[in-house]
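First up is the structure itself, then whatever we jot down about it.
None of the figures in this text is laboratory data; all of them are computed from the coordinates on show. A quick note: this is a predicted structure, and the numbers were derived from the prediction, not measured. Glycine gets a Cβ as well: all are built from the backbone with ideal geometry, and neighbour counts include every protein chain shown.
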Amino acid sequence: MSKFSREITQTLEKKLEDTAHDLFDVMFLHLLTGPKDGPEDYPVAAAVLDRTGSIVLGEGIADDARTQTLTGHAEANAIIDACLDHSEHLTDGGIVVSTLESCSMCMGNTANRLGTDSLIAFVTSRREIEEMGHVNPRSSSYRDRPVQEVRLKNPELQQKGKILYGSVTRDPDTGISVVNRELLVKELENIGLKYQIRH
Ligand SMILES: [Zn+2]
């Protein structure tokens, strides 16, 4: 029987939303002030939480383009981070929170390390990115999911997702992402968030 009920509680949903807000902040800061030493990664941030959503066990951002590792998705990096320091907690199951709908590899990694009844919570769906007229990162999620998926629909989170992924274009042939930093800063200022751009 699943460790999680089909309906997540309001308390848990609030914790997941708080984590997602933090992840967007990490991603915005990284994009605007972080190192830029190679091709740009599709900007995604993720965290692994214990099954109550109370403890952050690991965090990660995507670095597969920069490191040319194929596997360096945010969720995978967060799971690796969690395994380094908190592997004993992972046997109890857990929750992966991501700013973007997870791909099939990350769904599989979550099921492998956290169990098939774990949760994946995300804010922005791949379909939404397409509907915004931007290029969808190639890897798609799949229908027959081994983990339970939770869609966080807080309007502020949705707005942050729209701003983050609306500032990215991706060359369909090379797969290289380009973040429009000026647009990102402008849109963030429109919702009252100020970040210093790196030149
Ligand atoms: Zn992935």
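Going through region 1-76, which trypsin sites (Lys or Arg not before Pro) have at most 10 other Cβ atoms within 10 Å and a DSSP loop state? Could the numbers behind the result be given before it?
Numbers: sites: K3, R6, K14, K15, K36, R51, R66; in loops: K3, R6, K36, R51.
Within region 1-76, the qualifying trypsin sites (Lys or Arg not before Pro) (loop, at most 10 other Cβ atoms within 10 Å) are R6.
5 Å is the cut-off here: which amide hydrogens, built 1.01 Å from N in the peptide plane, fall below it relative to L57, excluding neighbours closer than 5 in sequence?
V48, L49, D50
How much length would be gained if the chain were fully extended between S104 and D173, taking 0.36 nm per residue of separation minus their Cα-Cα distance, in nm to one decimal? Don't skip to the end; give the middle numbers.
Numbers: separation 69, 0.36 × 69 = 24.84 nm, distance 2.11 nm.
Computed gain between S104 and D173 is 22.7 nm.
Quick one: what does P(r) look like for region 69-150 with 10 Å bins over all Cα pairs, in whole %?
Pairs per bin, as whole percents: 18, 52, 24, 5, 0.
Can you tally the net charge around T69? Count Lys and Arg as +1, Asp and Glu as -1, for every other residue whose Cβ sits under 13 Å from the Cβ of T69. Please report the intermediate quantities before stating the final value.
On the way: positive: R66; negative: D41, D63, D64.
Taking every other residue near T69 into account, the sum is -2.
Taking amide H atoms as placed 1.01 Å from N in the peptide plane, list the residues 5 or more away in sequence, or in a different chain, whose amide H sits under 5 Å from that of E40.
Sorted by chain and number, the residues that satisfy this are S177.
Among residues other than G58 whose Cβ falls under 9 Å from its Cβ, what is the net charge (Lys/Arg +1, Asp/Glu -1)?
On the way: positive: none; negative: E59, D81, D85.
Residues close to G58 contribute a combined charge of -3.
Can you give the charge dipole size of the chain about its Cα centre, rounded to the nearest 20 debye, using +1 on the beta carbon of Lys and Arg and -1 on the beta carbon of Asp and Glu?
Details: 22 positive and 31 negative charges, 68 e Å.
Dipole of the chain, to the nearest 20 debye: 320 debye.
Choose one of G58, V150, T71: the residue whose Cα lies farthest towards the positive end of the charge dipole of the chain (beta-carbon charges +1 Lys, Arg; -1 Asp, Glu; about the Cα centre).
The one lying farthest along the dipole's positive direction is V150.
Which whole-Hz ³J(HN,Hα) couplings does region 57-69 yield from phi under the Karplus relation 6.51 cos²θ - 1.76 cosθ + 1.60, θ = phi - 60°, glycine and proline marked x?
These are the phi-based 3J(HN,Hα) values: 9, x, 9, x, 10, 5, 9, 5, 6, 5, 8, 6, 9 Hz.
Mind pulling the per residue volume of the convex hull built on the Cα atoms of the chain? Å³ is fine. Walk me through the numbers before you get to the answer.
Working: hull volume 23.9 nm³, N = 199.
So the per-residue hull volume is 120 Å³.
Calculate one ³J(HN,Hα) per residue across region 171-176 by plugging θ = phi - 60° into the Karplus curve 6.51 cos²θ - 1.76 cosθ + 1.60, and present them in order as whole Hz with x for glycine and proline.
5, x, 8, 8, x, 7
Within straight cross-link reach of K194, meaning Cα distance under 17 Å, which aspartates and glutamates are found once same-chain residues fewer than 8 apart are removed?
D22, D25, E156, E182
Determine, for region 10-190, the count of lysine pairs separated by eight or more sequence positions (or lying on different chains) whose alpha-carbon distance falls under 26 Å.
The number of close lysine pairs in region 10-190 is 13.
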